[in-house]
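What follows is a set of notes on a single structure, which appears directly below.
Just so it is clear, none of the values below were taken in a lab; they were calculated from the coordinates. Only a predicted model underlies this, so the values are computations on that prediction, with no experimental measurement involved. Quick reminder, even Gly has a Cβ in these numbers, built from the backbone with ideal geometry, and neighbours come from all protein chains shown.
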Amino acid sequence: MPADSHGLIPVATPDVHRRRRQQILAAHPEVRRLFGPNRWTFVLMAVLVAAQFALAWQVRTWHAWQVFAIAYCGGAYLSAALFALIHDASHGLVFSGAARNRLAAIFANLPLVFWSAMPFFRYHGAHHARFGDYRWDVGVPTRAEAEWVGNVGWRKALWLAAFPLFQGLRVGKYPAATGYWDRWMVLNAALQALASVWVGLAFGGMALLYLLLSMMFTMGLHPLGSRVVQEHFVVRSGQESNDFIGWANALECYFGLHAEHHDFMRIPWNRLPRLRRLAAEFYEGEAAFGSRAGLMLDFIFNPRWSLRDNIVRIEARSDETG
């Protein structure tokens, strides 16, 4: 595909997920039975929150290198699962009712050190409703970001390592239609600050370091961090979302089944594999990744990978269905 003047890939076609959603429902109307909240998700949230705080207590007397190792090998996966369940809550898939889903997300946020649940709620809806729209979709890199990183190996590694910072800078292009600090944002920030201070005072610095590293590895220079490459980089013409189908997908609460999620946002995480099986003919021919570590290394060292491999949708639509 030809790039625009800033290196990103312009497309004028409608969101491909809307078309495939209609085709799947026509071929498999039984897919509708997968729609709706899964209250057991909150039980899993509670288990993961308890596990992270228990591990933080366990490592309070460990050496820094030991904390680093356990956060990299274990804590990052627990944090990734919590992020995945916060994502489900943002789609109303934990409870019925917006308020209960927000409270569930704020609860799941507690071991993640910084408040992120309500900021995610604020920006993620536009990612679906205006998929590929340069201003509204913070999944699309800024043009300056894409141009600077390009396909240079060390810059791609730095971009992965500091991805939360780069994504934070992207919100500057987001049209601020409403005030940022509503009551939910204040509640999220206040409770998160209390939780992090409590861990630091009650458990100690190593415990807080464990939680911080676990969160950072989930979105940084770690196999899990390759998710930001896997999801929407253009790896095949006409395919705008990609899947991770490796065995570790279950550890991430099937966050890797991203094309299926964009097709049906009303299907919770645990039912996405069933969607993939029911509509196998729509997904089996799509490009997908079997190894997060392999993707991370290939992205960094292979010059064919560039941050410019992201689409910008021309005249993106703002409605969301399905």
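Per residue of the chain, what 222 nm ellipticity follows from adding -39500 (n - 2.57) for every DSSP H run with n ≥ 4, rounded to the nearest 500?
-15500 deg cm²/dmol
Amide H of residue 312: which non-local residues (sequence gap of 5 or more, or other chain) have their own amide H closer than 5 Å, using H built in the peptide plane?
Result for residue 312 returns 9, 11.
Given H placed 1.01 Å from N in the peptide plane, which residues other than close sequence neighbours of residue 289 have an amide H under 5 Å from its amide H?
Under 5 Å from the amide H of residue 289: 243, 244, 245.
Please give the FRET efficiency for residue 147 paired with residue 304, using the beta carbon to beta carbon distance and R0 = 22 Å, rounded to the nearest 0.05.
It comes out at approximately 0.80.
Could you give each residue of the range 70-83 its phi-based ³J(HN,Hα) in whole Hz, using Karplus coefficients 6.51, -1.76, 1.60 with θ = phi - 60°, and x for Gly or Pro?
Per-residue couplings from phi come out as 5, 5, 5, 8, x, x, 4, 6, 5, 5, 4, 5, 5, 4 Hz.
Describe numerically, in nm with one decimal, the distance between label points set 7 Å from Cα along Cα→Cβ at residue 135 and at residue 155.
Result: 2.7 nm between the two label points.
How far is helix 16-27 tilted off the main Cα axis of the chain, in degrees rounded to 10, range 0 to 90?
So the helix axis and the longest Cα principal axis differ by about 80 degrees.
Residues of the range 33-61 with amide nitrogen under 20 Å from the 7 Å Cα-to-Cβ point of residue 73?
The answer is 51-61.
Would you mind checking the range 32-70 for residues with the amide N under 20 Å from a putative spin-label position 7 Å along Cα→C-beta of residue 274?
Those under the cut-off are 32-45.
Quote the charge dipole size of the range 9-313 about the Cα centre in Debye, to the nearest 20; the model charges only the Cβ of Lys and Arg (+1) and of Asp and Glu (-1).
Magnitude of the dipole: close to 480 debye.
R0 = 56 Å: FRET efficiency of residue 54 with residue 314, Cβ-based, nearest 0.05?
With a Förster radius of 56 Å, E is 0.65.
So if each residue of separation counts as 0.36 nm, and I subtract the Cα-Cα distance between residue 63 and residue 173, what length gain in nm does that give?
Here the segment from residue 63 to residue 173 would lengthen by 35.4 nm.
Quick check: from the Cα gyration tensor, does the range 239-322 come out rounded (a/c under 1.5), prolate or oblate?
Here the range 239-322 falls in the oblate category.
Please list the non-local residues whose amide H lies under 5 Å from the amide H of residue 307, H modeled 1.01 Å from N, same-chain partners needing a gap of 5 or more.
So residue 307 has HN proximity to 150, 151.
Quick one: 3J(HN,Hα) in Hz for the range 288-296, Karplus 6.51/-1.76/1.60 with θ = phi - 60°, rounded, Gly and Pro as x.
8, 10, x, 9, 6, 4, x, 5, 4
When the chain is treated as a GNM, springs tying every alpha-carbon pair under 10 Å, which of 170, 274, 308 comes out with the largest mean-square fluctuation?
274
Taking the chain as a Gaussian network, Cα atoms linked when under 10 Å apart, which of 52, 230, 23 shows the biggest mean-square fluctuation?
Greatest mean-square fluctuation among the candidates belongs to 23.
Taking θ = phi - 60°, what integer Hz values does the Karplus form 6.51 cos²θ - 1.76 cosθ + 1.60 yield along the range 130-142, in sequence order, with x for Gly and Pro?
Karplus values, whole Hz, x for Gly and Pro: 10, 4, x, 6, 4, 7, 8, 8, 6, x, 8, x, 5.
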